[in-house]
Amino acid sequence: MGEYVKVAKTSEIDDQCAKCVEVGGRNIALFNLGGEFYAIDDLCTHEEGPLSEGYVENGEVECPWHAARFDIKTGKALCEPAYEDQPKFNVRVVGDDVEVEV
Ligand code: FES
C-alpha cells in the first residue's frame, strides 16, 4: 500500500477539467468529474501525450496528440491508437485537499 500525498485543492480543478500534478517524479492527470476526483498517469500509453490537456466528455479523456480515448475512472484504453491502459491511482479528498496514493 502506498501513501497519500496532497496534490491540489478541490477548488483548483473545475468540473470536467484536469490538472497535471507531479508526485514522486511522475506526472499524474487529476480529473474532476462532477465533484469526484480521479487520477491516471498523465503520459498517454501511445506516445506520451499529456492527457491532462485532453478533451473531457462523458467520463472519457481524448489525448490531444492522436485522439486515443481513455476511461478516466479506470484508465482503460477505449480506442486506437492506444492499446495499453493508463495506470490509475487512488484518490481521496480530505477537507478541501485532494490526495493521491503513490
Ligand atoms: S500520444 Fe496519445 S494518442 Fe498518441
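We did not get these values from a lab; they are worked out from the coordinates using the rules stated. What you see is a predicted model, and the numbers here were worked out from it, not measured in a lab. Using ideal geometry, Cβ is built from the backbone for each residue, glycine included, and neighbour counts are taken over all protein chains shown.
Could you tell me whether the stretch 73-80 includes any residue that is without any contact (Cβ under 8 Å) to a residue 24 or more places away in the chain, more than 22 Å from residue 4 (Cα to Cα) and among the charged types (D, E, K, R)?
Checked against the condition, which is being without any contact (Cβ under 8 Å) to a residue 24 or more places away in the chain, more than 22 Å from residue 4 (Cα to Cα) and among the charged types (D, E, K, R), the stretch 73-80 yields at least one hit.
Filter the stretch 8-58 down to the residues that are surrounded by fewer than 21 Cβ atoms within 10 Å (Cβ to Cβ), polar (S, T, N, Q) and either over 21 Å from residue 82 (Cα atoms) or touching a helix residue (DSSP H, G or I) at 6+ places or on another chain (Cβ under 6 Å) (or both) and list them by number.
10, 11, 16
State all residues of the stretch 10-46 that are free of Cβ contacts under 8 Å to residues at least 60 places away in the same chain and in a loop (DSSP other than H, G, I, E, B); if no residue qualifies, say none.
Hits for the stretch 10-46 are 14, 15, 16, 25, 34, 35, 42, 44, 45, 46.
Give me the residue from the stretch 50-99 that is among the acidic types (Asp, Glu) and under 17 Å from residue 32 (Cβ atoms) and, out of that set, nearest to the ligand (Cβ to nearest atom).
Selected residue: 62.
Does the stretch 81-100 hold any residues that are farther than 24 Å from residue 6 by Cα and surrounded by fewer than 18 Cβ atoms within 10 Å (Cβ to Cβ), and which are they?
The answer is 81, 83, 84, 85.
Could you tell me which residue of the stretch 69-80 is surrounded by the most Cβ atoms within 10 Å (Cβ to Cβ), considering only residues that are closer than 18 Å to residue 28 by Cβ and of a type outside the set (Val, Ile, Thr)?
Out of the qualifying residues, it is 70.
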